[in-house]
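Input: a single structure, listed below in structure tokens.
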Amino acid sequence: MNLNTKMEVFFVEISVGDRVEMKKAHPCGGREFEILRVGMDVRIKCLTCRREIMAPRRKIEKNIKRIIGE
């Protein structure tokens, strides 16, 4: 095992106001969300039922299928 290897970390460029499509649907059936807050945690709002969800940034970034825009 080589201990000198570097881990590459990729970040998704998301900002407040962006609309994103997620890989998995919300329980209401909606896949489109609006980004409300970005930091260590990300707050998103389902555009179908208007519920807000707060989850760790890594989990949200992993589940984004595509960024629709503003």
Output the residue which, of all residues in the stretch 39-70 that are among the β-branched types (Val, Ile, Thr) and crowded, with 17+ Cβ neighbours inside 10 Å, is nearest to the chain's Cα centre (by Cα).
ILE60
So GLU13, is it modelled with pLDDT under 95, of a type in the set (D, E, K, R) and in a loop (DSSP other than H, G, I, E, B):
yes
So MET54 clears everything in (1) among the aliphatic types (A, V, I, L, M); (2) farther than 11 Å from VAL12 by Cα; (3) assigned to a helix (DSSP H, G or I) except one condition, right? Which one?
(3)
Going by what's in this entry, would ARG31 be described as open to solvent by less than 90 Å² (accessible area, probe 1.4 Å), touching a strand residue (DSSP E or B) at 6+ places or on another chain (Cβ under 6 Å) and within 19 Å of VAL12 (Cβ to Cβ)?
no
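The values are calculated or read from the model by the stated rules, or taken from the named source; none is laboratory data. Keep in mind that this is a model prediction, so the values were computed, not measured. All Cβ positions, even for glycine, are placed from backbone atoms using ideal geometry, and neighbour counts span all protein chains on display. Just the protein is used for accessible areas: all its heavy atoms, side chains included, with ligands, DNA and RNA removed. Shrake-Rupley method; radii C 1.70, N 1.55, O 1.52, S 1.80 Å.
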